[in-house]
Amino acid sequence: INDSSYKFWKGITHAGGGTNIRDCDIGNTASMGIQSTSATFALWIKGCRIYSTAGNAIDITSSSTGPDFGIEDTLIYGVTGIGISLALTGSTTSFSHFGFRINRCTIDTCSSDGVRVTSSASQYVGWGLSEIVSCQITGNGGYGVNFSNGSPPVAAQLSGVMRIDYCNFGTGGSINTSGDVSVSGVKG
């Protein structure tokens with residue numbers, strides 16, 4: 001899904017049901033690369049390359065209290081917006097089997113945050129085993145990982161429910177403009 005002359009509006013829109021998006025090349029969209037607006041879903045994105053989008057590369061919005069999703073082995077770069085935007089708004093979100101997983105991804109040179117989570121602090125309670133692990137999150141115009149909300153969580157609220165580990169947030173000219181992670185004390 002890539003045409004620099006005749007741009008697709010969005011690469012893929014997911015509206016519900018169990019979905020696997022694998023090994024896709026999505027670039028030069030006039031809006032988002034992948035968007036999910038499902039109230040309930042099981043979504044896996046794996047082995048994709050998403051670049052040069054005129055909006056967020058991956059945008060997941062869900063009012064579900066039990067979503068399941070993962071993003072693995074995916075390369076995101078050069079997008080105008082956020083690399084991965086997660087707006088999980090279910091009241092006290094509780095993941096069915098495990099939390100969301102972002103593993104072995106590269107998120108580089110996005111004009112905003114690499115990963116942005118906009119859920120409220122109270123919604124983190126049920127996020128057991130959510131993780132961002134073994135990722136390279138570098139050179140972004142905001143934070144590497146930003147917990148952005150009117151009442152953002154503190155490290156104690158994320159402890160035991162969110163793991164950020166083995167990630168490279170860059171050095172020198174490849175650092176994220178605002179810093180590695182917006183909540184100190186949660187990065188391993």
- Where Lys and Arg each count +1 and Asp and Glu each count -1, what net charge lies around Gln35 among other residues with Cβ under 10 Å from its Cβ? 0
- Item | Computed label-point distance, nm, for sites Asn103 and Ser4 using a 7 Å Cα→Cβ extension | 3.5 nm
- Query: Once amide H atoms are built 1.01 Å from N in the peptide plane, which residues 5 or more positions from Asp180, or in another chain, come under 5 Å H to H?
  - Reply: Gly144
- Among Gly188, Phe147, Cys110, whose Cα sits farthest toward the positive end of the charge dipole of the chain (+1 at Cβ of Lys/Arg, -1 at Cβ of Asp/Glu, about the Cα centre)? Phe147
- Of the accessible area of the chain, computed with a 1.4 Å probe and all protein chains kept, carbon and sulfur make up a percent value of 49 percent
- Task: At 7 Å along the Cα-to-beta-carbon direction for both Ile175 and Asn149, put a label point, then send me their distance in nm to one decimal.
- Result: 2.8 nm
- Message: What number comes out for accessible area per residue over the chain if the probe is 1.4 Å? Units Å², please.
- Response: 40 Å²
- the chain - charge dipole about Cα centre, Lys and Arg +1 at Cβ, Asp and Glu -1, debye rounded to 20: 100 debye
- Rounded FRET efficiency, nearest 0.05, which uses the C-beta distance separating Thr80 from Val133 and R0 of 22 Å: 0.25
- Highest mean first, what order results for 47-55, 135-143 on Cβ atoms within 10 Å? 135-143, 47-55
- Does the chain come out rounded, prolate or oblate by the C-alpha gyration tensor, with a ≥ b ≥ c the root eigenvalues, rounded set by a/c under 1.5 and, if not, prolate when a/b is larger than b/c and oblate if not? oblate
- Task: Search the structure for amide H atoms under 5 Å from the amide H of Ile164, placed 1.01 Å from N in the peptide plane, and list their residues when 5 or more places away or on another chain.
- Result: Ile132, Gly188
- Item | Spin-label pair Ser111/Asp73, simplified geometry with 7 Å Cα→Cβ offset, distance in nm | 3.2 nm
- Sorted by chain and then number, the residues having a modelled amide H within less than 5 Å of the amide H of Ile12, at least 5 places away or on another chain, are Ile34, Gln35
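The values are calculated or read from the model by the stated rules, or taken from the named source; none is laboratory data. The structure presented is a predicted model; accordingly, all values stated were derived computationally and were not measured. Note: ideal-geometry Cβ built from the backbone for every residue, glycine included; neighbour counts use all protein chains shown. Surface accessibility is based on the protein's heavy atoms, side chains included, excluding ligands, DNA and RNA. Shrake-Rupley method; radii C 1.70, N 1.55, O 1.52, S 1.80 Å.
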